[in-house]
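Worksheet for the structure shown next.
The values are calculated or read from the model by the stated rules, or taken from the named source; none is laboratory data. These numbers come from a predicted model, not from an experiment. Cβ placement follows ideal geometry from the backbone for every residue including glycine, while neighbour counts extend to all protein chains displayed. The area values use the complete protein model at the heavy-atom level, side chains included, leaving out ligands, DNA and RNA. Shrake-Rupley method; radii C 1.70, N 1.55, O 1.52, S 1.80 Å.
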Amino acid sequence: MFKRVRYLIFLRDVLVLAVSAFGGPQAHIAIMFDLMVKKRGYLTEEDLIELNALCQILPGPTSTQTVTAIGFKIGGPNLAYLTLLVWMIPAVTIMTIAGITISQLESTEFTRFIQPMAVGFVAYAGLKISHKVVKTKTSAVLWLLALTGSLTFGSGSPFAFPIMLIIGGAFTALKYKAQPIEEKKGINIRWANFILWAGFFVFIAVLGHFTRYRPILLLENFYRNGSLIFGGGQVLIPFLYGEFVEFKHYLTSQEFLSGYALVQSVPGPVFSFCSYIGALSMKEYGVGGQVLGAIAASAGIFLPGTFLIFFVIRFWESLKKYRIVKASLEGINAASAGMVVSAAVLMFLPLEMNLLNISVTVCTFALLLFTKIPPPVIILAGLVIGFIF
């Protein structure tokens, strides 16, 4: 009985996080420290730092994996899956409604300031990530190659981005001898969750190939992206823009930019942006089809990271001592940063090249860089100005 009450209190706390945590993974982790560690004592500061570090090096949404891993630590897989649902549902619901609403409007002129503002947000994210991860000549070269490769090949195939990540990680893995040696013990691996992740990957790919049913294809598309994204929601943007706007043309650049700007004003996981894309990708199938598309996209983007954190958390203590694992992260992170910067360029190109769009992009970037105005306030101001003028 005590455990059940404790689990309900924990899920209530997760819901509080889901409706109040603005600002992305960095802000989310600060709120988790206050609520999960200091106020409730679900885990120690060291435990939370360790879990967050583990989630940062796994593909998938960092904040979602961290809060899900806390649920796993407290109550095992069942509580962890409930934690995932409670955490994602508010933001996913909001972004699904936003996607359906945008698709029903005859004019989205009121979002004309939001679109260049979205480019400013992505450019700022690219600067922050690059400053954090590009610290050596090798990482700088990989950053530049990823930036160039994204601009050159990003619109040609949805596989261009994951290939660049893999190449970047493999290149710096060769430098593993520069990492300090730690005493290692044998790794006891339980493969169930890895088999679940890989088996589902193959199953939906085969099912999508034979059925060509768009919700299944969306599930596969987002599951693939969710299995290959390192670095959080900002890194997801070039993958999604390249695949759904430039390659498959499910969304217009205007719709994509409007949605990305709107998700900045929504609490909870930035990956909820995928539900917006899923809804708009099914706009010709009616509202019911759009809801189905949003569900498929959300399940696809959130499940792989969940399966993988359940898999790795059981042997993380042993795995993190291997130098080749640590060394590969330098290349993965550098390539990710280059791709985010390239996304800002690719997203700006479809906009009309005029003084207004350039000024709005630059002003948004400057506000984020030099002030502490919360992103939701900036976005809401842009919407209000769009309605008035």
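Here are some notes:
- Condition check for THR138: open to solvent by less than 20 Å² (accessible area, probe 1.4 Å), in contact with a Phe, Trp or Tyr (Cβ under 8 Å, 6 or more places away or on another chain), in a helix (DSSP H, G or I) and hydroxyl-bearing (Ser, Thr, Tyr): no
- Scanning the range 239-254 for residues that are over 14 Å from CYS274 (Cβ atoms) and crowded, with 22+ Cβ neighbours inside 10 Å returns a single hit, GLY242.
- For the range 10-54, the set of residues classified as closer than 17 Å to ALA80 by Cα, open to solvent by less than 60 Å² (accessible area, probe 1.4 Å) and at pLDDT 80 or above consists of PHE10, LEU11, ASP13, VAL14, LEU17, ALA18, MET32, MET36, TYR42, LEU43, listed by residue number.
- Verdict on LYS73 being closer than 26 Å to PRO162 by Cα and either assigned to a helix (DSSP H, G or I) or not aliphatic (A, V, I, L, M) (or both): no
- If the condition is being open to solvent by 10 Å² or more (accessible area, probe 1.4 Å) and among the aliphatic types (A, V, I, L, M), then the range 287-311 contributes VAL287, VAL291, LEU292, ILE295, ALA296, ALA299, LEU303, LEU308.
- Being at pLDDT 85 or above, open to solvent by less than 100 Å² (accessible area, probe 1.4 Å) and in a helix (DSSP H, G or I) holds for only one residue in PHE203, PHE194, PHE210, and it is PHE194.
- Residues of the range 232-248 include at least one that is of a type outside the set (S, T, N, Q) and closer than 18 Å to VAL291 by Cα.
- The residues listed here are LEU218, LEU240; of these, the one that is in a helix (DSSP H, G or I), modelled with pLDDT of 95 or more, touching a helix residue (DSSP H, G or I) at 6+ places or on another chain (Cβ under 7 Å) and among the aliphatic types (A, V, I, L, M) is LEU218.
- Cross-chain or 6+ apart pairs with Cβ under 6 Å, the range 138-152 first and in contact (Cβ under 8 Å) with a residue 40 or more places away in the chain, then surrounded by fewer than 22 Cβ atoms within 10 Å (Cβ to Cβ) and of a type outside the set (D, E, K, R): ALA140/VAL134; TRP143/VAL134
- Only one of the listed residues (VAL266, VAL235) is under 26 Å from PHE113 (Cα atoms), open to solvent by 10 Å² or more (accessible area, probe 1.4 Å) and within 15 Å of the chain's Cα centre (by Cα). That residue is VAL266.
- Test: residue in the range 174-191 that is touching an Asp or Glu at 6+ places or on another chain (Cβ under 8 Å), at pLDDT 90 or above, surrounded by 12 or more Cβ atoms within 10 Å (Cβ to Cβ) and not hydrophobic (A, V, I, L, M, F, W, C): no
- Residue match in the range 359-367 (condition: within 18 Å of TYR260 (Cα to Cα) and of a type in the set (Ser, Thr, Tyr)): yes
- Candidate set from the range 358-381 (those that are in a loop (DSSP other than H, G, I, E, B) and among the β-branched types (Val, Ile, Thr)); member that is surrounded by the fewest Cβ atoms within 10 Å (Cβ to Cβ): THR371
- Hits in the range 141-170 (condition: over 11 Å from ALA335 (Cα atoms), buried (at least 16 other Cβ atoms within 10 Å of the Cβ) and either charged (D, E, K, R) or modelled with pLDDT of 80 or more (or both)): LEU151
- Test result for ALA344, touching a residue at least 24 places away in the same chain (Cβ under 8 Å), open to solvent by less than 60 Å² (accessible area, probe 1.4 Å) and over 29 Å from PRO267 (Cβ atoms): no
- Filtered residues of the range 323-340 (kept if surrounded by fewer than 24 Cβ atoms within 10 Å (Cβ to Cβ) and either touching a Leu at 6+ places or on another chain (Cβ under 8 Å) or under 14 Å from GLY242 (Cβ atoms) (or both)): VAL325, ALA327
- Which listed residue is at pLDDT 90 or above and either more than 23 Å from the chain's Cα centre (by Cα) or more than 29 Å from ALA198 (Cβ to Cβ) (or both), from GLY76, GLY99, GLY120, GLY126: GLY99
- Evaluation of MET353 against the conditions (1) part of a helix (DSSP H, G or I); (2) aliphatic (A, V, I, L, M); (3) without any contact (Cβ under 8 Å) to a residue 24 or more places away in the chain; (4) open to solvent by 50 Å² or more (accessible area, probe 1.4 Å) shows that the sole unmet condition is (1).
- Remark: pairs (first residue in the range 264-289, farther than 18 Å from ILE378 by Cβ; second residue of a type in the set (Asp, Glu); Cβ separation under 8 Å; 6+ apart in sequence or on different chains) = LEU280/GLU255.
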